[in-house]
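Enquirer: Please find one structure pasted underneath; my questions will follow.
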Amino acid sequence: MKPSTLKKAAGVLAAVAGLQMAAPAGAAASMPGMPDLGPVAIERHDSGLPADWMRKSVFMEILVRAYQDSNGDGVGDLPGLIRRLDYLKSLGVGALWLLPIYPSADRDHGYAVTNYRDVAPEFGSLADLDRLVQEAHRRGIAVILDYVINHSADSLPLFEAAKADPASPWRDWYVWSAAKPEGWTTYGGDPWHAGAGGYYYAAFSPQMPDFNFHNPAVLEFHLNNLKFWLNRGIDGFRFDAVGALVENGPLAWENQPENLRIMASIRALVEQYGKRYMVAEVPGAPAEFAAADSAGSAFAFGLQHEIVKSAQLGRVQPGLLDYLKHNPVERMGTFLANHDSFAGARLAQQFDGDEAANELAAATLLTLPGIPFLYYGEEIGQGPSEAVQYEDQRLRGPMSWDGSGAGFSAGKPFRPLADNAQSHNVASEDGRADSLLNRYRALIRLRREQPALSIGTLQLLSNDDDPALVFERSLEKQRLLVAINYSSGEVPLKLPAGRWRPVHPAPAAGLAIAAPLRLAPQQVAVFKSSAE
């Protein structure tokens, strides 16, 4: 972060720390179910992880509800996730992003939070989370939480009081208008909904009202919540819906300049802890929020579509090269799919079961700059589940561990299993050398063993619509050449001047590079300069 930005952000933090809450303490104490609003002091604890773990890790995004059930109630939980840490370690994963684990009114996706300082009982307890963090750190794995900053549940007592009484001391914690505003359309359609004496704003749904970030007490509330989790050893956060934090009008409700400053203030806090990472979800402006004077990292929305299309269509998409040339990808969270359908379906569905094309996309993700995030089940080619209520549920089915009930639960799973759970599961792929799972393992291992792939510079050597993506990654004396043939035909490959040896796929002993080189159809090849 720039010194000037740090100074401004520190000033915001100091000002916020001196604020009194917008309502008297007695008002909070008298309300049943009121969340903890008390101030939290910073307590630093060393995780034992390397200082640069976030730059060199491959993340796994996990829906705890869907990962592993430990008690037979059909719902995944934290003790179940602890049981699977050795699997994640064997895959090469260095960090976990947990989708919301807080008590939530929706009891499904977790984004309607009713208590920001607790764990939903169906997932376990705070003690279970502490144990997860401890066990993950022991294996060299970091843990970050999804933090729902833009909105709360409408059943949060703060909002219930605000909705019922225009004179409520909590009214200004949310966005209200005495008359119904016209001309607004957001993600959920018309965002204005009736309450006592006016209308409240909810960009996503009436059950998730937006906080009012024009009220500094709201930022203070969130900063204290973040300190609560950081004090417990959490390694950072993924911030949800950051583009929607501040509303300035019907045509100015997304990606407002105030949002950048809010993220800078939060980053100033997070950096006080050391060895922490934060990443913002901002589909409409990822590069701005990835900048050093804002969140510092944001997901590379749009890049995933260009990678997938290149693998699907058999040629380098112009949009892929353009994205890599004009965005700070090295600071960004890169991915191929996630829990939201607008980002794309399950990869198995996008590639119609073509595992060779899937591997090409994974190889692209894991050899380019950025901080790569995998989505649970992606590594085994897990297919979609049956949607029960809404489309995103197809992406959020139980993890397929084996062919017997997918190995997820001894009881009835909370959601139907993946449509290919019998054929695509960890047990069936683990011991098969050519399985998609083991190809992912090899690519992750390659990234971990070759530092230039994680933090090196990028030099693109391909042109639009070429059949193969070819580029160099360099770090100090290390120099790698990556060639990914998206096409169904052979492609000639000319290595730069110098001596090169193959490092992926793992070469046979004594294998020499013959000239001229030709990439086989849908082949991934990585070469290392012998000058190192």
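Enquirer: Among the residues of the range 135-156, which ones are under 23 Å from GLY48 (Cβ atoms) and among the small types (Gly, Ala, Ser)?
Expert: If the condition is that a residue be under 23 Å from GLY48 (Cβ atoms) and among the small types (Gly, Ala, Ser), then ALA136, GLY140, ALA142 are the ones that fit.
Enquirer: Still on this model: What are the pairs with Cβ atoms under 7 angstrom where one residue, in the range 470-485, is under 12 Å from TRP500 (Cα atoms) and the other, located anywhere, is in a strand (DSSP E or B) and among the basic types (Lys, Arg)? Sequence gap at least six, or different chains.
Expert: Once the first residue is under 12 Å from TRP500 (Cα atoms) and sits in the range 470-485, its partners that are in a strand (DSSP E or B) and among the basic types (Lys, Arg) give LEU480/ARG473; LEU480/LYS528; VAL482/ARG473.
Enquirer: Across the range 277-309, which residue is nearest to PRO369 (Cα to Cα) among those that are of a type in the set (Ser, Thr, Tyr) and in contact with a strand residue (DSSP E or B) (Cβ under 7 Å, 6 or more places away or on another chain)?
Expert: SER297
Enquirer: Restrict the check to the range 204-222 and report whether at least one residue is without any contact (Cβ under 8 Å) to a residue 24 or more places away in the chain and surrounded by 17 or more Cβ atoms within 10 Å (Cβ to Cβ).
Expert: The answer is yes; a qualifying residue exists.
Enquirer: Mind checking whether some residue in the range 186-195 is under 15 Å from VAL148 (Cβ atoms), in a helix (DSSP H, G or I) and either of a type outside the set (S, T, N, Q) or assigned by TED's automatic domain parsing to the domain that holds GLY110 (or both)?
Expert: no
Enquirer: ARG117: under 19 Å from MET34 (Cα atoms), of a type in the set (D, E, K, R) and either surrounded by 23 or more Cβ atoms within 10 Å (Cβ to Cβ) or out of contact with any Gly (no Cβ under 7 Å at 6 or more places or on another chain) (or both), yes or no?
Expert: yes
Enquirer: Then there's this: For the range 158-174, give me each residue that is surrounded by fewer than 16 Cβ atoms within 10 Å (Cβ to Cβ) and either of a type in the set (Gly, Ala, Ser) or in contact (Cβ under 8 Å) with a residue 40 or more places away in the chain (or both).
Expert: Scanning the range 158-174 gives ALA164, ALA167.
Enquirer: Scan the range 422-453 residue by residue and report those that are among the aliphatic types (A, V, I, L, M) and either under 24 Å from the mean Cα position of the chain (by Cα) or not assigned by TED's automatic domain parsing to the domain that holds VAL64 (or both).
Expert: Once the filter is applied, which keeps residues that are among the aliphatic types (A, V, I, L, M) and either under 24 Å from the mean Cα position of the chain (by Cα) or not assigned by TED's automatic domain parsing to the domain that holds VAL64 (or both), the range 422-453 yields VAL426, LEU436, LEU437, ALA442, LEU443, ILE444, LEU446, ALA452, LEU453.
Enquirer: Return only the number of the condition from (1) in contact (Cβ under 8 Å) with a residue 60 or more places away in the chain; (2) surrounded by fewer than 21 Cβ atoms within 10 Å (Cβ to Cβ) that GLY344 does not satisfy.
Expert: The number of the failed condition is (1).
Enquirer: Against the condition without any contact (Cβ under 8 Å) to a residue 60 or more places away in the chain and not small (Gly, Ala, Ser), how does HIS339 come out, does it pass?
Expert: No.
Enquirer: Let me ask another. Taking the stated definitions as given, is LEU417 crowded, with 18+ Cβ neighbours inside 10 Å and more than 28 Å from LEU313 (Cα to Cα)?
Expert: Yes; evaluated as a whole, the condition is true for this residue.
Enquirer: Let me ask something additional. Within the range 175-200, track down each residue that is loosely packed, with under 14 Cβ neighbours inside 10 Å, small (Gly, Ala, Ser) and more than 16 Å from GLU160 (Cβ to Cβ).
Expert: Across the range 175-200, the qualifying residues are SER177, ALA178, ALA179, GLY183, GLY189.
Enquirer: Exactly one condition in (1) assigned by TED's automatic domain parsing to the domain that holds GLY397; (2) among the aliphatic types (A, V, I, L, M); (3) at pLDDT below 95 is not met by ALA506; state its number.
Expert: Checking ALA506 against (1) assigned by TED's automatic domain parsing to the domain that holds GLY397; (2) among the aliphatic types (A, V, I, L, M); (3) at pLDDT below 95, the one that fails is (1).
Enquirer: Oh, and also: Pairs under 8 Å by beta carbon, first residue among the basic types (Lys, Arg) in the range 405-433, partner in a loop (DSSP other than H, G, I, E, B) and modelled with pLDDT under 95, six or more apart or different chains?
Expert: ARG415/GLU386; ARG415/VAL388
The values are calculated or read from the model by the stated rules, or taken from the named source; none is laboratory data. Given the structure is predicted, the values throughout are model-derived calculations rather than measurements. Ideal geometry is used to build each Cβ from the backbone, glycine not excepted, and the neighbour counts take in all protein chains shown.
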